[in-house]
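The values are calculated or read from the model by the stated rules, or taken from the named source; none is laboratory data. This one's a predicted model, so the numbers in the text were calculated from it and none came from an experiment. Methodologically, a virtual Cβ is constructed for each residue, glycine included, from the backbone with ideal geometry; neighbour enumeration extends over all protein chains shown. All accessible areas refer to the heavy atoms of the entire protein, side chains included, with ligands and DNA or RNA removed. Shrake-Rupley method; radii C 1.70, N 1.55, O 1.52, S 1.80 Å.
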Amino acid sequence: MTVPTEIKTGVPESLPGREKYIPQNHRRILLIFPRYSKSFGTFHYSYKLTGGRVKAFMPPQGLLLVAAYLPKEWDIRLIDENAKPATEADYRWADAVITSGMHIQRPQINEINAIAHRHGKITVVGGPSVSGCPEYYPDFDILRVGELGDADEKLIEYLDNSIARPTEQLRFETLERLPLSEFPTPAYHHINLNQYLLGSVQFSSGCPFNCEFCDIPTLYGHNPRLKTPEQILKELDAMLESGNPGLVYFVDDNFIGNRRAVTEFLPKLIEWQKQRGYPLQFACEATLNIAQSPKLLELMREAYFTTVFCGIETPETEALHAISKDQNLSMPILDAVKQLNKYGMEVVSGIIIGFDTDTPETGDRILDFIRASNISVLTINLLYALPKTALWARLEKEGRLLLDEDPTRESNVKFLMPYDQVVEMWRRVITTAYSPEFLYERYQYQVNYTYANRIAAPNSPARVNWPNIKKALIMMGNILIRMGVFGSYRKTFWKLAGPALKAGKIEDVIGTGWASYHLIEFAKECATGQESASFYSQKVLEPERETVGV
């Protein structure tokens, strides 16, 4: 496999203690995080179970970092449009508008730019999408490319000297990255964390592997860069001051990219949990070979990690070889999943349909794997080629990369199997996987053989308090009403919920309830073509919101 040039090169880090630019003028900076189009990963159907409390999935970690890095002398206003839209008054208030996001948010990012320009404001776009594809944003005034570093100092200096729109587009690109150990604590005081389903934190950046379809090594490198344990604990404390969603997701590209660092960090996280009464559960992303490190798994269990997302992608060995995912073959996949379950960690899996090695039997093999593994949550997704990946380069060379040809198409890949057959296989797999009977069969396994292996967290004031009790009562009430009384699958629901409630496993009922409600509702929409088969596709299936400032 040919590796793109970008993967082989890296941006150096600046020397520690580098001086920051000191502004001379006062500025008002509006940071806007664009909304996501609804998809599998947002779990949006379950928000209604919270009684209106939850507005969005996870906080905008990148913009929270930017807010903390910008000069303290400046006024900062951060708006996550997944929680509430920016208003005309917000745009009028601002001297400059900064936004950020991923490729899937490209239409919304450009919409923010257009609104800001109608108000005469200078605009800046940064983050992973523009860093990977600057050409996606031709109308922005300033492109901020790369990770946090010297480019941000140049941007701050520029905005300090002028907030007039430039006559031509400017580009500030990071040539020296700020060491992660010098990253400021994200500015959580700009948001209400209780409005989010999950919290998020980043310990490392980068991944040592070369999966063909992944753009992480291109953007962030192979050698994971790290924050210090003390930084993470400080961030968790700051997070709890803004609210407590109960579960915090380590958004690292690969949590175990540097196993030694993680092994040194976890005992400190365990001590933090014990001192504060275990206020949080944790989740992370990791490669499946984590199952071969029992010492690490035991530390994660004691730190109260309850979920691990593993990019299994496919149970077919030939396909894993073809996409350079051999790390999934270091031990039998089913054995690895069971090993994680033994330490109380539920496996969430990525599954991709549309590989070159797929056959008409692939769908059945995936369903057999789901049944054998008892994995409840799987992001069953059509293959989509992301820019700056080896997959993109290969398909482009083979003439199989489809760009701007059919806006209704679910993927930019010309599959070797007939397109309609691939989409129909996806639809059959996802609707079968999330049929209530099959889904609750797997959740029953998780209750018996995974959740039962978790530590018994203490009934501390950090856990048993009125805000948490109120949240639990609201969610439990909505789950019982929507699923146990009015749900078309209520008999199936009570097969699990009845015995669990009698055994006092209230957390299990709430956890399986909010997740399964979304999964079942999402699968219904997939069956009728109202949801995208590729969660990276920019095909918009929902009506656009009303535009601000027109």
message: Can you pull out every residue in region 172-209 that is hydrophobic (A, V, I, L, M, F, W, C) and outside any strand (DSSP E or B)?
response: Leu175, Leu178, Leu180, Phe183, Ala187, Ile191, Leu193, Leu197, Leu198, Phe203, Cys207, Phe209
task: For region 478-490, enumerate the residues that are in a helix (DSSP H, G or I) and either out of contact with any helix residue (DSSP H, G or I) (no Cβ under 9 Å at 6 or more places or on another chain) or in contact (Cβ under 8 Å) with a residue 60 or more places away in the chain (or both).
output: Asn478, Ile479, Ile481, Arg482, Val485
- prompt: Among (1) under 24 Å from Val377 (Cα atoms); (2) open to solvent by 20 Å² or more (accessible area, probe 1.4 Å); (3) aliphatic (A, V, I, L, M); (4) in contact (Cβ under 8 Å) with a residue 24 or more places away in the chain, which single condition is Ala456 missing?
  reply: (4)
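Determine whether Glu396 is touching a residue at least 60 places away in the same chain (Cβ under 8 Å), within 30 Å of Gly529 (Cβ to Cβ) and either buried (at least 17 other Cβ atoms within 10 Å of the Cβ) or among the acidic types (Asp, Glu) (or both).
When the stated conditions are applied, Glu396 does not pass them.
Step by step: first the residues of region 280-334, then only those that are under 29 Å from Leu391 (Cα atoms) and among the charged types (D, E, K, R), then the one that is modelled with the highest pLDDT. Which residue is that?
It comes out as Glu285.
Residues of region 478-505 being open to solvent by less than 90 Å² (accessible area, probe 1.4 Å) and under 15 Å from Ile520 (Cβ atoms), which ones? Even if it seems obvious, please write down each step before you answer.
Step one: of region 478-505, the residues open to solvent by less than 90 Å² (accessible area, probe 1.4 Å) are 478-481, 483-485, 487, 489, 492-493, 496-501, 503-505.
Those that are open to solvent by less than 90 Å² (accessible area, probe 1.4 Å) and under 15 Å from Ile520 (Cβ atoms): Asn478, Ile479, Met483, Gly484, Gly487, Tyr489, Thr492, Phe493, Leu496, Ala497.
Residue-wise test of (1) of a type outside the set (A, V, I, L, M, F, W, C); (2) over 17 Å from Arg27 (Cα atoms); (3) open to solvent by less than 30 Å² (accessible area, probe 1.4 Å); (4) free of Cβ contacts under 8 Å to residues at least 24 places away in the same chain.
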site: Cys133; (1), (2), (3), (4): no, yes, yes, no
site: Leu143; (1), (2), (3), (4): no, yes, yes, no
site: Ile156; (1), (2), (3), (4): no, no, yes, no
site: Phe172; (1), (2), (3), (4): no, yes, no, no
site: Glu176; (1), (2), (3), (4): yes, yes, no, no
site: Pro179; (1), (2), (3), (4): yes, yes, yes, no
- request: Looking at (1) of a type outside the set (D, E, K, R); (2) modelled with pLDDT of 95 or more; (3) outside any helix (DSSP H, G or I); (4) buried (at least 21 other Cβ atoms within 10 Å of the Cβ), find the lone condition where Asn381 falls short.
  value: (2)
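Tally time: how many residues in region 221-250 are of a type in the set (Ser, Thr, Tyr), in a helix (DSSP H, G or I) and open to solvent by 30 Å² or more (accessible area, probe 1.4 Å)?
We begin by selecting, within region 221-250, every residue of a type in the set (Ser, Thr, Tyr); these are 228, 242, 249.
If we keep only those that are in a helix (DSSP H, G or I) too, we end up with 242.
When the remaining residues are screened for being open to solvent by 30 Å² or more (accessible area, probe 1.4 Å), the result is none.
So the answer is 0.
Would it be correct to say that Glu302 is in contact (Cβ under 8 Å) with a residue 60 or more places away in the chain, in a helix (DSSP H, G or I), among the acidic types (Asp, Glu) and on the phi < 0 side of the Ramachandran plot?
yes
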message: Looking only at region 317-372, how many residues end up being under 25 Å from Glu437 (Cα atoms), open to solvent by less than 10 Å² (accessible area, probe 1.4 Å), in contact with a Ser or Thr (Cβ under 6 Å, 6 or more places away or on another chain) and in a helix (DSSP H, G or I)?
response: 2
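Results for (1) β-branched (Val, Ile, Thr); (2) modelled with pLDDT of 95 or more; (3) under 29 Å from Pro23 (Cα atoms), shown as yes or no for each residue.
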site: Ile142; (1), (2), (3): yes, yes, yes
site: Gly199; (1), (2), (3): no, yes, no
site: Ser205; (1), (2), (3): no, no, no
site: Cys214; (1), (2), (3): no, no, no
site: Asn223; (1), (2), (3): no, no, no
site: Ile232; (1), (2), (3): yes, yes, yes
